[in-house]
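J.: Structure below; questions to follow.
The values are calculated or read from the model by the stated rules, or taken from the named source; none is laboratory data. In this text the structure is predicted, and so the values were computed from the model without any measurement. Methodologically, a virtual Cβ is constructed for each residue, glycine included, from the backbone with ideal geometry; neighbour enumeration extends over all protein chains shown.
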Amino acid sequence: MLNNEEFRAYAHEMVDWIADYLAQVEKFPVKSKVAPGDIYEKIPYSPPHESEDMDDIMRDFEKVVLPGITHWQSPRFFAYFPANSSYPSILAEMLTAAIGAQCMVWETSPAAAELEEKMMEWLKELMALPKHFHGVIQDTASTASLVAILTAREKATGHQINEKGFSNQVFRVYCSAETHSSIEKAVKIAGFGSENLVKVKTNKLLQMEVDALRDAIGKDIKDKKIPLCVVGTLGTTGTVAIDPLQEIAGVCQEKNLWFHVDGAYAGPVLALPETREMAKGLELADSFVFNPHKWLFTNFDCSAYFVKDKEALIRTFEIHPEYLKTKSDKKVNNYRDWGIQLGRRFRALKLWFVLRNFGVDGIQATLRRHIELAAIIEKKIQEHPKFEMVVPRSLNLLAFKYVPELNMDGEELNSLNEKILHQVNKTGRLYLTHTKVFGTYALRFVIAQTYVQAKHVDEAWEEIVEVAQSLD
Ligand SMILES: *Cc1c(COP(=O)(O)O)cnc(C)c1O
């Protein structure tokens with residue numbers, strides 16, 4: 001087993017491996033090519049009885065594990081939304097692993113609690129978020145949205161459901177048809193039943209239609225159901241559509257409903273003053289989540305959750321067994337009471353490293369570069385006689401299709417574009433995913449990887465054109 005001296009030697013080697021990997025990551029096939037079971041078959045039935053040498057373990061990491069990795073840090077990764085890292089973030093993660101602190105309460109590492117408090121303030125300033133928000137780091141946006149819905153439930157019932165359980169109430173939660181699936185999961189876990197999630201229809205730009213929201217709420221009140229919460233999205237997963245937050249906030253105020261805003265992916269764009277118009281109404285939200293682990297260059301996991309009524313949040317989650325009581329409880333933030341987990345990683349450290357090493361200027365320049373690169377490809381799509389945008393570009397997401405002949409029917413076009421997607425991904429030179437917009441299959445191109453440059457995007461576009469032309 002490794003001793004400290006050997007650890008030092010291997011750690012030095014490992015850092016070289018990491019730097020080499022990141023220098024060359026763009027040369028790997030972006031999407032892993034293994035078939036189901038390939039990796040599993042290569043791993044022995046039983047753990048070894050005797051200590052194995054680090055050289056052997058590392059050799060198998062390269063031989064067995066690496067081929068089964070999809071390279072999320074490749075600047076040729078344009079699929080889903082990114083799970084970005086960055087050099088300063090990786091360095092902080094190394095320290096976090098070394099310290100290995102469990103940050104459940106202030107006393108178990110005061111620096112973790114206080115750095116977290118300050119980083120949430122820094123994010124508020126960076127993104128001009130409402131001053132009255134209180135922030136806490138959650139593991140994922142899924143968890144943060146569940147926390148929001150549970151807090152809404154408890155606040156609306158005077159914390160009765162936590163104590164006594166349900167008594168026949170039918171709570172209703174509203175979102176758009178484009179809302180992320182994590183909201184449906186949260187509604188299920190909160191005990192409302194997924195049929196009580198009302199998916200309000202959207203307009204042509206895939207934004208929630210507020211008149212339809214109003215109608216749905218009115219009908220539920222007539223039927224003696226209890227409207228509880230509306231979820232608006234700042235940047236939907238399919239196409240980065242921005243719901244009309246201000247109008248939704250108006251409805252929520254009028255009906256006294258909790259307003260949660262899911263900005264998991266696009267939230268960080270509010271670091272750019274020129275985009276802040278789209279977040280008008282956010283100051284009226286009860287809660288807001290976005291993921292620094294998507295578009296703010298911070299390793300997974302790190303989700304920033306903001307809430308207006310901190311007391312309601314804490315009352316929903318706090319628990320006071322004897323062994324967790326400490327002398328400082330009244331003076332500090334014990335973040336175990338701000339969410340679901342008891343045990344917590346020290347996640348604020350990587351955020352601190354990223355915000356300091358990028359600086360506000362570096363963050364703004366990177367976000368702007370991503371949006372500009374997307375605008376360049378948008379222009380190429382529009383100018384190409386056989387490609388079309390399926391919806392207008394939103395920030396740095398492009399949803400488009402190949403249309404070789406004008407009179408092709410919808411199904412034929414969908415299957416051709418699906419074929420293009422699979423063929424493009426098979427080349428290994430880039431990775432795209434797809435979405436459907438009112439039944440139309442769209443290639444989905446997200447330009448948001450931390451270190452992506454013009455050449456990666458240009459080469460990706462050329463590859464797409466070539467594959468499409470070879471298939472029509
Ligand atoms: C990615 C995403 C989520 C889920 O994020 P996790 O942190 O993986 O839970 C939720 N909402 C939107 C809009 C997303 O894009």
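J.: Looking at segment 370-378, can you tell me whether even one residue there is without any contact (Cβ under 8 Å) to a residue 24 or more places away in the chain and closer than 30 Å to SER89 by Cα?
T.: Taking every residue of segment 370-378 in turn, at least one turns out to be without any contact (Cβ under 8 Å) to a residue 24 or more places away in the chain and closer than 30 Å to SER89 by Cα.
J.: Test each condition in (1) surrounded by 23 or more Cβ atoms within 10 Å (Cβ to Cβ); (2) within 16 Å of the ligand (Cβ to nearest atom) for THR140 and report the one that comes out false.
T.: It is condition (1) that THR140 fails.
J.: Here's another thing I want to ask about it. Out of curiosity, is SER176 farther than 21 Å from ILE221 by Cα, modelled with pLDDT of 95 or more and either of a type in the set (Ser, Thr, Tyr) or within 16 Å of the ligand (Cβ to nearest atom) (or both)?
T.: no
J.: While we're here: In segment 167-188, how many are farther than 18 Å from GLY235 by Cβ, surrounded by 13 or more Cβ atoms within 10 Å (Cβ to Cβ) and either over 21 Å from the mean Cα position of the chain (by Cα) or of a type in the set (Val, Ile, Thr) (or both)?
T.: Of the residues in that region, 6 qualify.
J.: Among the residues of segment 425-436, which ones are under 25 Å from SER181 (Cβ atoms) and over 21 Å from the mean Cα position of the chain (by Cα)?
T.: Within segment 425-436, just ASN425 meets the criteria.
J.: Restricting to strands (runs of 3 or more DSSP E) lying wholly in segment 222-298: which have 3 or more residues that are more than 16 Å from ALA144 (Cα to Cα)?
T.: Here the list reads 226-233.
J.: How many residues does segment 269-296 contain that are more than 23 Å from ALA152 (Cβ to Cβ) and within 12 Å of the ligand (Cβ to nearest atom)?
T.: Adding up the residues that qualify gives 4.
Rundown of residues vs (1) over 30 Å from PRO227 (Cβ atoms); (2) modelled with pLDDT of 95 or more; (3) more than 22 Å from the chain's Cα centre (by Cα), yes/no style:
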position: GLY68; (1), (2), (3): yes, yes, yes
position: GLU107; (1), (2), (3): yes, no, yes
position: ALA112; (1), (2), (3): yes, yes, yes
position: GLU125; (1), (2), (3): yes, yes, no
position: GLN138; (1), (2), (3): no, yes, no
position: ALA148; (1), (2), (3): no, yes, no
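Residues are listed down the side, and each one gets a yes or a no for (1) within 14 Å of ALA264 (Cα to Cα); (2) free of Cβ contacts under 8 Å to residues at least 60 places away in the same chain; (3) not acidic (Asp, Glu):
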residue	(1), (2), (3)
PHE77	no, no, yes
PHE81	yes, no, yes
ILE90	no, no, yes
GLU93	no, no, no
ALA113	no, no, yes
TRP122	no, no, yes
PRO130	no, no, yes
LEU146	yes, no, yes
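J.: Same structure, new question: When you scan segment 143-169, how many residues do you find that are out of contact with any Gly (no Cβ under 9 Å at 6 or more places or on another chain) and either more than 16 Å from the ligand (Cβ to nearest atom) or among the aromatic types (Phe, Trp, Tyr) (or both)?
T.: 15
J.: Those residues that are within 12 Å of the ligand (Cβ to nearest atom) and not acidic (Asp, Glu), I need them from segment 299-336; list them, please.
T.: Of everything in segment 299-336, those that are within 12 Å of the ligand (Cβ to nearest atom) and not acidic (Asp, Glu) turn out to be PHE300, CYS302, SER303, ALA304, TYR305.
J.: Another question, if that's okay. Any idea which of (1) in contact with a helix residue (DSSP H, G or I) (Cβ under 8 Å, 6 or more places away or on another chain); (2) away from the ligand (no atom under 16 Å from the Cβ) is the one GLU121 doesn't satisfy?
T.: Answer for GLU121: the failing condition is (1).
J.: Can I ask one more? Could you list, in sequence order, the residues of segment 189-210 that are part of a helix (DSSP H, G or I) and either surrounded by 13 or more Cβ atoms within 10 Å (Cβ to Cβ) or under 24 Å from the mean Cα position of the chain (by Cα) (or both)?
T.: The answer is ILE189, SER194, ASN196, VAL210.
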